Amino acid sequence: MPEGHTIHRAARDHRKVLAGQVLGVSSPQGRFAEGAKRIDGLLCTGVEAYGKHLIYHFEQGLSLHIHLGLFGKLRKSKLPLSEPKGAVRVRLVGPGHVIDINGPNTCEVLDEPELLTLTARIGPDVLRADADRDRAYHRISKSKAPIGRLIMDQSVMAGIGNIYRTEILWRLAIHPFTPGRELNRGDFDRLWEDAVALLEIGVWRNSIITTELVPKGRGRLTERVNIFGKKVCPKCKGNVECREIANRKVYLCEACQPAV
Ligand SMILES: [Zn+2]
């Protein structure tokens with residue numbers, strides 16, 4: 001499952017080559033033929049990300065909504081067109097580039113009211129300048145659910161995936177099973193700001209990096225994450241535990257992240 005930074009990175013890349021251009025839209029695999037027909041030959045007015053949702057805006061108030069889910073893939077290549085690789089659900093062709101999207105969980109054309117309905121159910125996205133973090137705090141401060149579940153719930157706050165979840169909570173010394181309502185506003189603000197900082201690095205480096213950026217040797221990082229998938233805590237050298245929240249692995253150090 002791509003984390004939020006991957007989708008923002010794609011939106012930025014695709015915006016550069018598609019925005020302001022008339023696009024040829026098709027469904028080589030056929031499953032999206034009807035939808036493709038509605039936006040084929042229209043001007044693409046922008047590309048943006050809301051959490052893990054990718055939105056291609058078109059004239060006439062239409063947009064293409066993509067959610068990759070677990071198995072979806074995006075591929076950007078230069079013209080000339082090549083044969084579609086695998087089951088390409090939708091192909092977007094601009095003057096210089098082609099974007100192929102395979103296996104998305106969601107692929108649909110939305111009108112303006114439908115887009116508004118969608119964006120209203122997505123939580124504030126840590127990577128968006130217009131994100132309303134108070135909305136996320138409001139939900140978290142009223143919930144008994146563990147913070148490790150809440151920050152990955154895309155309707156509460158959008159963008160954080162499984163690896164970032166573990167890493168951010170460790171960096172802030174917050175136990176993942178702490179009920180949301182036990183966090184005070186200061187804790188929440190630190191969590192939000194750490195998420196923004198790390199995901200921005202993710203977009204910029206196109207990679208998840210949660211350790212301090214200390215290059216060694218020829219600028220290569222020795223470690224990219226602190227405790228995700230690891231056995232020893234780099235801070236206290238104690239054991240890292242692996243548990244599950246929302247059916248996904250979460251790692252924690254009981255010494256550095258004491259339970260409340
Ligand atoms: Zn530790």
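The values are calculated or read from the model by the stated rules, or taken from the named source; none is laboratory data. Just so it is clear, the model here is predicted, and its values are computed rather than measured. For neighbour counting, all protein chains shown are included, and Cβ atoms are generated from backbone atoms with ideal geometry for every residue, glycine included.
Things to note:
Results for (1) outside the structural domain of V240 (by TED's automatic domain parsing); (2) free of Cβ contacts under 8 Å to residues at least 40 places away in the same chain; (3) among the hydroxyl-bearing types (S, T, Y), shown as yes or no for each residue.
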position	(1), (2), (3)
L127	yes, no, no
K142	no, yes, no
I151	no, no, no
N162	no, no, no
W170	no, no, no
F177	no, no, no
R181	no, no, no
N184	no, yes, no
T210	no, no, yes
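- Condition met for A173 (within 16 Å of the ligand (Cβ to nearest atom), modelled with pLDDT of 95 or more and under 23 Å from G4 (Cα atoms)): yes
- Options P95, P28, P104: the member that is part of a loop (DSSP other than H, G, I, E, B), under 20 Å from R12 (Cα atoms) and over 16 Å from the mean Cα position of the chain (by Cα): P95
- Qualifying positions in region 212-260 - away from the ligand (no atom under 14 Å from the Cβ), farther than 23 Å from G180 by Cβ and either surrounded by fewer than 13 Cβ atoms within 10 Å (Cβ to Cβ) or modelled with pLDDT of 95 or more (or both): E212, L213, V214, P215, K216, G217, R218, G219, R220, T222, G229
- Options L79, L74, L54: the member that is crowded, with 22+ Cβ neighbours inside 10 Å and at pLDDT 95 or above: L54
- A search for C-beta distances below 7 Å between a residue of region 231-247 that is within 16 Å of L169 (Cα to Cα) and any residue that is more than 14 Å from the ligand (Cβ to nearest atom) and of a type outside the set (D, E), counting only pairs 6+ apart in sequence or on different chains, returns C242/K249; R243/V250; E244/V250; I245/P146; I245/G148; I245/R149; A246/R149; A246/M152.
- Which numbered condition C107 misses (of (1) touching a residue at least 24 places away in the same chain (Cβ under 8 Å); (2) in contact with a strand residue (DSSP E or B) (Cβ under 6 Å, 6 or more places away or on another chain); (3) closer than 30 Å to I209 by Cβ; (4) not aromatic (F, W, Y)): (3)
- For region 198-205, the criterion of a residue being free of Cβ contacts under 8 Å to residues at least 60 places away in the same chain and in a loop (DSSP other than H, G, I, E, B) is satisfied by no position.
- Residues of region 153-167 that are surrounded by fewer than 24 Cβ atoms within 10 Å (Cβ to Cβ), over 11 Å from the mean Cα position of the chain (by Cα) and in a helix (DSSP H, G or I): I163 alone.
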